[in-house]
Amino acid sequence: MKHDNILDRRGLVIAGPCSAESREQLLTTATQLSQTGRVDALRAGIWKPRTKPDSFEGVGKVGLEWLAEAKRLTGLPIATEVATAEHVELALAAGVDILWLGARTTSNPFSVQEVADALRGVDSNVAVLIKNPTTSDVELWCGAVERIAGSGIEQIGLVHRGFAGYAPTTLRNAPLWQIPLEMRQRMPQLPMLCDPSHICGNRTGLRDMAQQAADLDYNGLMIESHYAPDSALSDAQQQITPTELAELLSSIVWRSRSTDRAADYQGRLDTLRGTIDRLDEQIFSLLAERMEVAEQIGRLKQSNNLTILQSGRWGEVVERVLAHTRGLNLSDEFVRRVLESIHLESIERQKQIINNDK
Ligand code: PEP
Ligand code: MN
């Protein structure tokens, strides 16, 4: 018998520690999460793909026994990350309900294909979540979905966990909301979850990030929770206790989906406005970064006794930008106005540097 799609739930919450660390840690966390009454599935990483080789790489397959025990104890479906055929086989044998591909795995088509091949012919109730790749490559993310779908898996969902390598910000991974929104345009049937833990990399931003996802009509959240976050062996700074998670979740407003035309229009309007808000944030983060660079140039000019305005340079900047923006459907007049305003602010910053040092 085919079960309901476990991912097909508005406001779905998959929570649990970044890593399974010990039987006690997992069972304590799972029990507390289950007692909140707000969690739909328990997550824990068993095999951890770490950026650096000297980090905690997971407890390995013994952790599956703890996960299975947590499932028996709480009745919650369980989820873990898989990156190889062996992981898939062991996880399914242990009764894991939701497998997920981590960002580093989605980035590698060889690994995705290996997982897809291992999934061929398995129980059709197994769900697979595909996290975005570490880079902002929509095609790579789509390719992973196509490979997994090609194995016959029907319950597929996406997890937006942010993108590495962007400008340094207070966030661990830049959300770049336009990428998941583009994915949703292309694959509207797939549920989209937000993983605010890996986007924020800290505890303080989690709530707002989760609410932004809810405002953008996401289907749910994957979020890290540990009964004693400070002592976590991985991602300690971003994990919160089950009690804190319950508070966070109770403050999130999931707009109800409605077939009512007025509500539908309002929903779309809210989604588009949310997109505008996110884009504005990105524009101004980039502008702040540009001012930072202008200040560095100011310091360089100052120490070499150069004037702020170097003749010819500004004209080159304008021409270069116009050559770029002419392909972007932006009028020259608008681009010139924006650039002028940016230029004035840069000069102002450089003037301050030069005057302060006098
Ligand atoms: C995780 O979920 O703990 C994890 C490793 O996430 P990501 O693949 O998004 O980095
Ligand atoms: Mn983690």
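Every helix of 4 or more DSSP H residues in the chain counts as -39500 (n - 2.57), and over all residues that averages to -16000 deg cm²/dmol at 222 nm. Setting aside same-chain residues fewer than 8 positions from LYS351, which lysines have a Cα under 27 Å from its Cα? Leaving aside lysines fewer than 8 places away in the same chain, those within reach of LYS351 are LYS301.
A Gaussian network model of the chain, with springs between Cα atoms under 10 Å, assigns the largest mean-square fluctuation among ARG184, ARG104, ARG313 to ARG313.
Per residue, the accessible area of region 270-358 comes to 72 Å² when a 1.4 Å probe rolls over the protein heavy atoms. The residues ASP277, ASP270, ASP235, sorted by heavy-atom accessible surface at 1.4 Å with ligands and nucleic acids left out, run ASP277, ASP270, ASP235 from largest to smallest.
Derived scalar couplings between HN and Hα for region 324-331 equal 6, 6, 5, x, 10, 6, 10, 6 Hz in order, rounded to whole Hz, by the Karplus curve 6.51 cos²θ - 1.76 cosθ + 1.60 (θ = phi - 60°), x for Gly and Pro. Sparse packing (at most 16 other Cβ atoms within 10 Å of the Cβ) combined with a DSSP loop state is found for the following GluC sites (Glu not before Pro) in region 84-159: GLU154.
Within the listed set THR325, THR28, THR170, the residue fluctuating most in the Gaussian network model of the chain (springs between alpha-carbon atoms under 10 angstrom) is THR325. The phi torsions of region 232-239, fed into the Karplus equation with coefficients 6.51, -1.76 and 1.60 and a -60° offset, translate into couplings of 4, 7, 9, 6, 4, 5, 10, 8 Hz, rounded to whole numbers, with Gly and Pro shown as x. Within straight-line reach of LYS52, meaning a Cα separation under 14 Å, sit the following aspartates and glutamates at least 8 residues removed in sequence or on another chain: ASP235. A Gaussian network model of the chain, with springs between Cα atoms under 10 Å, assigns the largest mean-square fluctuation among GLN113, GLN296, GLN212 to GLN296.
At a probe radius of 1.4 angstrom, the accessible area of region 79-186 per residue rounds to 38 square angstrom. Net charge within 11 Å of VAL115 by Cβ-Cβ distance, Lys/Arg positive one each and Asp/Glu negative one each, not counting VAL115 itself? In short, -3. When the accessible area of region 121-221 is computed with all protein chains present and a 1.4 Å probe, what percentage of it is carbon and sulfur? The C+S portion of the solvent-accessible surface of region 121-221 is 48 percent.
Contact order, relative form, for the chain: 14 percent (alpha carbon pairs under 8 Å, 6 or more residues apart, mean separation divided by residue count).
Between SER285 and PHE56, the C-beta separation translates, for a Förster distance of 25 Å, into a calculated FRET efficiency of about 0.20. What is the set of long-range amide H partners of THR241 at a cut-off below 5 Å, with H atoms built 1.01 Å from backbone N? Placed amide hydrogens put HIS226 under 5 Å from THR241.
Could you work out how much longer the chain between LEU272 and THR31 gets when fully extended? Use 0.36 nm per residue separation minus the Cα distance between them, nm to one decimal. Walk me through the numbers before you get to the answer.
Working: separation 241, 0.36 × 241 = 86.76 nm, distance 3.89 nm.
Extra length available between LEU272 and THR31 comes to 82.9 nm.
The heavy atoms of ARG326 present about 130 square angstrom of accessible area, all protein chains included, probe 1.4 Å. Amide H contacts for ILE78 (H built 1.01 Å from N in the peptide plane; partners 5 or more residues away or on another chain; cut-off under 5 Å): LEU42, ASP97, ILE98.
For region 132-138, 3J(HN,Hα) computed residue by residue from phi via the Karplus equation (6.51, -1.76, 1.60; θ = phi - 60°) reads 5, x, 5, 9, 7, 10, 4 Hz, glycine and proline entered as x. Taking Cβ atoms as reference points and 11 Å as the exclusive limit, the residues near ALA91 contribute a net charge of -3, counting Lys and Arg as +1 and Asp and Glu as -1.
Once backbone amide H atoms are built at 1.01 Å from N, PHE163 has ALA174 as its partners under 5 Å, excluding neighbours fewer than 5 places away on the same chain.
The values are calculated or read from the model by the stated rules, or taken from the named source; none is laboratory data. Keep in mind that what you see is a predicted model, and the values were worked out from it rather than measured. With ideal geometry, Cβ positions are generated from the backbone for all residues, glycine too; neighbour counts draw on all protein chains shown. Just so you know, the surface numbers come from the protein's heavy atoms only, side chains and all, with ligands and any DNA or RNA stripped out. Shrake-Rupley method; radii C 1.70, N 1.55, O 1.52, S 1.80 Å.
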